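The values are calculated or read from the model by the stated rules, or taken from the named source; none is laboratory data. This structure is a prediction, so every number in the text was calculated from the model and none was measured. Cβ coordinates were reconstructed from backbone atoms using ideal geometry, including for glycine residues, and neighbour counts include every protein chain displayed.
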Amino acid sequence: MSAPGVPLLEVEAIDVAYGDAQVLYGLSFHVREGEIVTLLGSNGAGKTTTLRAIAGLRRPRRGDVRFRGASLLSRPAAARAELGIALVPEGRELWPQLSVRENLELGAYGRRCRRAADRNLARAFELFPHLAERRAQLAGSLSGGEQQMCAIARALMSEPTLLMLDEPSLGLAPVLVSQVMDVVAALHRGGVTVLLVEQNVRKALSVADRGVVIESGRVRLEGASRELAANPEIRAAYLGL
């Protein structure tokens, strides 16, 4: 557990760039243990870059990222996964020529979770019964919704404390979007802290405790989901109301 008063995750004034192209400018927000926090913003606002900086895939030029009060900047991505930080990337990034089961087993590659791989595999198949039925099927032959479930299940194999989801509903039919959000809510009830990037703002705010609106690499607004959903600016810009 995090120390009293210390958020699980703190992103503090980070600048992040790709070469000469700066994407994030002094970005700051936090996630408390047990929350679902959603990052909102238009395409190119910097949401994916934020998740990559937290996961250790893109190093900030300035600022800090702390987990349980300790800086992550000196820790590579694999070490952050060992701490309990998992990222489900945009586009799923499964190994298409491996079976569903093999993809999930690779999610338990780290030392911390390797001993519990069988137990976590059984849990994943219980949470996603369609994957259990297709455990021997090549991941590349799954439907889009099944691939997304497989990507989430693979992340759960690492027993994450913080699960980051990047556009989990991208390209999915509306009924599958609802199923994905139901899974996110169920994981949250099971004790997983979630940081969610989601294009469907209405769905994201319906499951999240708080939202952070990113605009041109900076935090524009943040607050409780109900407040943001009622905010005229958010309703006009993202909800079409």
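Observations on the structure shown:
- Residue tally, condition assigned to a loop (DSSP other than H, G, I, E, B), farther than 17 Å from residue 158 by Cβ and either touching a Cys at 6+ places or on another chain (Cβ under 6 Å) or not polar (S, T, N, Q) (or both), over region 65-95: 4
- Checklist (1) within 20 Å of the chain's Cα centre (by Cα); (2) modelled with pLDDT of 90 or more; (3) surrounded by fewer than 20 Cβ atoms within 10 Å (Cβ to Cβ) applied to residue 135, failing item: (1)
- When 200, 231 are checked against the criterion of being free of Cβ contacts under 8 Å to residues at least 60 places away in the same chain and under 19 Å from residue 43 (Cα atoms), a single residue qualifies: 200.
- Residue list for region 112-155, filter: closer than 18 Å to residue 168 by Cα, part of a helix (DSSP H, G or I) and not hydrophobic (A, V, I, L, M, F, W, C): 130, 140, 144, 145, 146, 147, 148, 154
- Residue selected from region 30-48 under the condition in a loop (DSSP other than H, G, I, E, B) and of a type in the set (D, E, K, R), by the criterion nearest to residue 16 (Cα to Cα): 32
- Contacts under 6 angstrom Cβ, first residue in region 58-87 being of a type in the set (D, E, K, R), partner surrounded by 13 or more Cβ atoms within 10 Å (Cβ to Cβ) and not in a strand (DSSP E or B), 6 or more apart: 58/52; 68/2; 80/56; 80/72; 82/110; 82/112
- For region 8-22, a residue qualifies if it is closer than 21 Å to residue 76 by Cα and either in a strand (DSSP E or B) or in contact with a strand residue (DSSP E or B) (Cβ under 8 Å, 6 or more places away or on another chain) (or both), and the qualifying residues are 8, 9, 10, 11, 12, 13, 14, 15, 16, 17, 18.
- Residue in region 84-99 that is aromatic (Phe, Trp, Tyr) and at pLDDT below 95 present: yes
- Options 101, 58: the member that is surrounded by 17 or more Cβ atoms within 10 Å (Cβ to Cβ) and more than 17 Å from residue 159 (Cα to Cα): 58
- Of all the numbered requirements in (1) polar (S, T, N, Q); (2) closer than 23 Å to residue 33 by Cβ; (3) within 17 Å of the chain's Cα centre (by Cα), residue 49 misses one, and that requirement is (2).
- Taking each residue of region 184-197 that is touching a residue at least 60 places away in the same chain (Cβ under 8 Å) and looking for partners that are basic (Lys, Arg) with beta-carbon atoms closer than 6 Å, six or more apart or interchain, yields 197/47.
- Restricted to region 156-241, the set of helices (runs of 4 or more DSSP H) holding at least 2 residues that are buried (at least 17 other Cβ atoms within 10 Å of the Cβ), touching a helix residue (DSSP H, G or I) at 6+ places or on another chain (Cβ under 6 Å) and not hydroxyl-bearing (Ser, Thr, Tyr) comprises 174-189, 201-207, 225-230.
- Region 44-57, residues that are modelled with pLDDT of 95 or more and not polar (S, T, N, Q): 46, 47, 51, 52, 53, 54, 55, 56, 57
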